[in-house]
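K.L.:
Please find one structure pasted underneath; my questions will follow.
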Amino acid sequence: SWSKENSRLITSIQANLLDDVAGVTQRGMSAGKSINDISKEIKDRYGVTKSRARTIARTETAKLNGNLTKVRNQELGIKTYTWATSNDERVRDSHKALNGMLCKCDDDSVYSDDEGKTWRRRSGKMFRGKPGDDINCRCTSRSNVHQLLQELGI
């Protein structure tokens with residue numbers, strides 16, 4: 001369902017094909033295919049350019065991975081994560097602003113820069129979403145397992 005929702009954001013492909021794009025991405029990931037293999041299938045299937053197919057494949061894969069991580073965290077009782085960028089020149093300013101910040105798994109609109117003592121609304125140039133949600137986003141989340149272990153007394 002996440003892939004279907006995310007695929008609706010792709011405007012270059014006809015609406016009746018969007019569900020299929022989600023399926024291509026999900027099946028590709030399940031089969032362990034690379035981004036190159038998934039993008040080739042998208043290119044061949046929909047007649048989009050190689051560049052566009054690669055953007056779609058990377059974006060959809062990142063979004064799906066981000067959603068899977070969020071669900072895993074929630075199922076394990078992990079409530080927070082640390083935002084991590086790729087730390088290179090291609091990182092967007094809106095993502096750089098969150099690098100190293102503590103974020104809530106269930107609320108993409110806040111962050112903390114003091115280990116969760118206070119939570120602030122993301123504002124200005126801060127991205128509103130989770131790692132992987134933005135087009136071509138390469139950011140990841142580092143699950144705050146330490147918080148869970150503290151709560152469990154371990």
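K.L.:
Looking at (1) under 19 Å from Pro131 (Cα atoms); (2) open to solvent by 20 Å² or more (accessible area, probe 1.4 Å); (3) in contact with a helix residue (DSSP H, G or I) (Cβ under 9 Å, 6 or more places away or on another chain); (4) not in a helix (DSSP H, G or I), find the lone condition where Thr82 falls short.
P.N.:
(3)
K.L.:
Would you please list the contacts, defined by Cβ atoms under 6 Å and residues six or more apart or on different chains, that run from a residue in the range 127-138 that is on the phi > 0 side of the Ramachandran plot to a residue that is modelled with pLDDT under 95 and open to solvent by 30 Å² or more (accessible area, probe 1.4 Å)?
P.N.:
Gly129/Asp108; Gly132/Asn65; Asn136/Arg58
K.L.:
So Lys125 passes all but one of these: (1) within 27 Å of Thr25 (Cα to Cα); (2) surrounded by fewer than 13 Cβ atoms within 10 Å (Cβ to Cβ). Which condition number does it fail?
P.N.:
(1)
K.L.:
Related question: Give the residue that is most open to solvent (accessible area, probe 1.4 Å), with candidates limited to residues of the range 86-122 that are of a type in the set (Val, Ile, Thr) and over 26 Å from Ile56 (Cβ atoms).
P.N.:
Thr118
K.L.:
Within the range 139-154, can you find the residues that are in a loop (DSSP other than H, G, I, E, B) and surrounded by 17 or more Cβ atoms within 10 Å (Cβ to Cβ)? Don't jump to the end; show me each part of the working.
P.N.:
As a first pass, look at the range 139-154 and keep what is in a loop (DSSP other than H, G, I, E, B): 139, 144, 152-154.
Cys139, Asn144 - these are the residues of the range 139-154 that are in a loop (DSSP other than H, G, I, E, B) and surrounded by 17 or more Cβ atoms within 10 Å (Cβ to Cβ).
The values are calculated or read from the model by the stated rules, or taken from the named source; none is laboratory data. Everything numeric in this text was worked out from a predicted model, so none of it was measured. Glycine gets a Cβ as well: all are built from the backbone with ideal geometry, and neighbour counts include every protein chain shown. Keep in mind that these areas ignore ligands, DNA and RNA; they rest on the heavy atoms of the full protein, side chains included. Shrake-Rupley method; radii C 1.70, N 1.55, O 1.52, S 1.80 Å.
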